[in-house]
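Data block below; observations after.
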Amino acid sequence: MRVRFVSEDEIGSAAEVWYDGLREEEGSPWENYLKKWTPSSAARWFLDSKKRLGAKILVAEKEKIVGINGIISERNSGKGRLFTGIAVSPSYRRQGIGSLLLHRTLLELKREGLRWAEVETIQGIPAAKYLYPKYGGESIQVPA
Ligand SMILES: CC(C)(COP(=O)(O)OP(=O)(O)OC[C@H]1O[C@@H](n2cnc3c(N)ncnc32)[C@H](O)[C@@H]1OP(=O)(O)O)[C@@H](O)C(=O)NCCC(=O)NCCS
């Protein structure tokens, strides 16, 4: 397993992993949210965030890309924003890949001198219950 930043020409594959990852969560919690996205519009969003905001896309790779997280470092607020959220391909889950991506993300932010990380997710889903709290995540509820 390798965790690395993607190059621009791999952003399409990373966006597909993100889209399928969100789509294939139990109980379809992302169904409504995904209505406004397709894998190719997500790829444009990632690319645009990279160009305008210096976003970086971290991926986990086995034979292919199987997990993703996008990071935006917000120097003004001292926060790293996990703007895509972590997503792992369904058949590669429960093997520690999500944890590995989260860990690498936090290390990267720390290396940049940022002390906080933020992600928007949905209350009660596996990511919110099991993954983000793993390295100190606490939930703050925002109005819907
Ligand atoms: C959330 C997600 C990224 C986790 O990826 P993963 O590779 O399966 O995560 P890990 O294997 O590192 O698991 C992390 C911990 O959560 C637990 N966990 C993960 N999914 C779980 C589930 N469905 N039920 C119970 N526990 C679960 C693991 O057992 C592990 O706990 P441990 O460290 O105490 O052993 C993955 O389920 C996913 O892609 N979900 C859909 C996309 C999504 O909703 N992402 C959040 C966007 S904000």
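Since every read-out is calculated from the coordinates, none of them should be taken as a lab result. Computed from a predicted structure; not experimentally measured. Cβ sites come from the backbone with ideal geometry, for glycine too, and all protein chains shown count toward neighbours.
The antiparallel fraction among DSSP beta bridges confined to the chain stands at about 85%. Normalised by the number of residues in the chain, what is the relative contact order in percent for Cα pairs under 8 Å and 6+ residues apart? Relative contact order of the chain: 22 percent.
Taking max minus min of the alpha-carbon positions on each principal axis, the chain gives extents of 35, 34, 30 Å, largest first. Rounded to the nearest whole Hz, the Karplus-based 3J(HN,Hα) values (6.51 cos²θ - 1.76 cosθ + 1.60, θ = phi - 60°) of the range 61-71 follow the sequence 10, 10, 6, 8, 6, 10, x, 8, 8, x, 10, with x at glycine and proline. Residue by residue, the range 130-144 carries 3J(HN,Hα) couplings of 10, 7, 4, x, 4, 10, x, x, 10, 9, 10, 8, 10, x, 5 Hz when phi is fed to the Karplus relation 6.51 cos²θ - 1.76 cosθ + 1.60 (θ = phi - 60°); x denotes Gly or Pro. Non-local lysine pairs in the chain, meaning eight or more places apart or on different chains, with alpha-carbon distances under 25 Å, amount to 24. For the range 20-77, the alpha-carbon coordinates run over 37, 30, 23 Å along the three principal axes, in decreasing order. Extending 7 Å from the Cα toward the beta-carbon at both Ile125 and Lys36 defines two label points whose distance is 1.4 nm.
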